[in-house]
Amino acid sequence: MVLVAEKSISQTLELSAYSGRTTLQIQDPATQQDYGIQVFLPKDYSGDIKYPVIYLLDADNTLLMNFYLSIIDALVHYNSIPKSIIVGVNQKNRSKELGILKDTASPGFLAFIRKTLVDSIDGKYATIGYNSYVGHSLGGQLLTYGFINFPEDFYSILTISSALLYPNQQNLFENEIILPLQDALRHTKGSSYYYS
């Protein structure tokens, strides 16, 4: 785990259940790339209580982040979901990091999330070990791939408008995503959740 820097900044979105955003720089030891990480803690966060974590991809997209945060904030405020730590991951090059079926850096980025990022957050905050992931478009593609290939890590994911089928690559997507996903969904345990 490498924590490069931390600072607290004010947020523009008014949240009722969450305090201000803290930003971290966490380095991927495989690539030496620093990733900007945004952390939102419940207003009454206590290190004596353990929390689930919700990881959000594309955190550098303000529109998406405001959408995600406002929905999670409302769900927590109305006790529809438990108080959680929210972790947003800024993308450096989303096409390469999230597009799993291209010749890209996405397998390495997925490894960074599974190992370095989760270990860093677990080491810094009081977490319960239950992680959920949210991704849009290519983020949904990456998380679906994670759900298929690493079900021990990606057992609770929400994909929004996932990029799961390209007409000009239908056979590739059918064999690499659709059929394996159908098989994975048939064999999921009761504690696995895939929403799309």
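Worth a mention:
- Computed over protein heavy atoms with a 1.4 Å probe, the accessible surface of the chain works out to 50 Å² per residue.
- Taking the longest Cα principal axis of the chain as reference, the axis of helix 138-149 is set at about 70 degrees.
- Cα centroid separation, region 158-183 to region 15-91: 28 Å.
- Of the two radii for the chain, the radius of gyration is 0.96 times the Kirkwood radius, both from the alpha carbons; that is the Rg over Rh value.
- Distance between modelled label sites at SER196 and THR22, nm, 7 Å Cα→Cβ extension: 3.5 nm
- If a spin label sat at a point 7 angstrom from the Cα of ILE160 along the line to its beta carbon, the backbone N atoms of region 62-101 nearer than 16 Å would be those of 62-76, 86-91.
- Extended-chain gain in nm, criterion 0.36 nm per residue less alpha-carbon gap, THR62 and TYR45: 3.7 nm
- Portion, in percent, of the accessible area of region 111-172 that falls on carbon or sulfur, probe 1.4 Å: 51 percent
- Given charges at beta-carbon only (K, R positive; D, E negative), |dipole| of the chain in Debye: 120 debye
- The loop-placed trypsin sites (Lys or Arg not before Pro) in region 78-174, going by DSSP, that have at most 16 neighbouring Cβ atoms within 10 Å of their Cβ come out as LYS92, LYS102.
- With R₀ fixed at 35 Å, the C-beta to C-beta distance from GLU174 to GLU152 puts the FRET efficiency at about 0.90.
- MRE, 222 nm, helices only [DSSP H, n ≥ 4, -39500 (n - 2.57), over the chain, to nearest 500]: -8000 deg cm²/dmol
- Rounded to 10°, Cα long-axis angle of helix 62-77 versus longest principal axis of the chain: 60 degrees
- Taking a ≥ b ≥ c as the square roots of the eigenvalues of the alpha-carbon gyration tensor, region 70-156 is classed prolate because a/c is 1.5 or more and a/b outweighs b/c.
- The label point for LYS115 and the one for GLU14, both projected 7 Å from the Cα toward the Cβ, are 4.5 nm apart.
- Estimated translational D of region 12-63 in µm²/s (Stokes, Kirkwood radius over Cα pairs; 25 °C; 0.890 mPa s): 188 µm²/s
The values are calculated or read from the model by the stated rules, or taken from the named source; none is laboratory data. Predicted model, so just to flag it, every value in this text is computed and none were measured. In this analysis, Cβ positions are derived from the backbone assuming ideal geometry, glycine residues included, and neighbour counts consider all displayed protein chains. These accessible areas exclude ligands, DNA and RNA; they are computed on the full protein's heavy atoms, side chains included. Shrake-Rupley method; radii C 1.70, N 1.55, O 1.52, S 1.80 Å.
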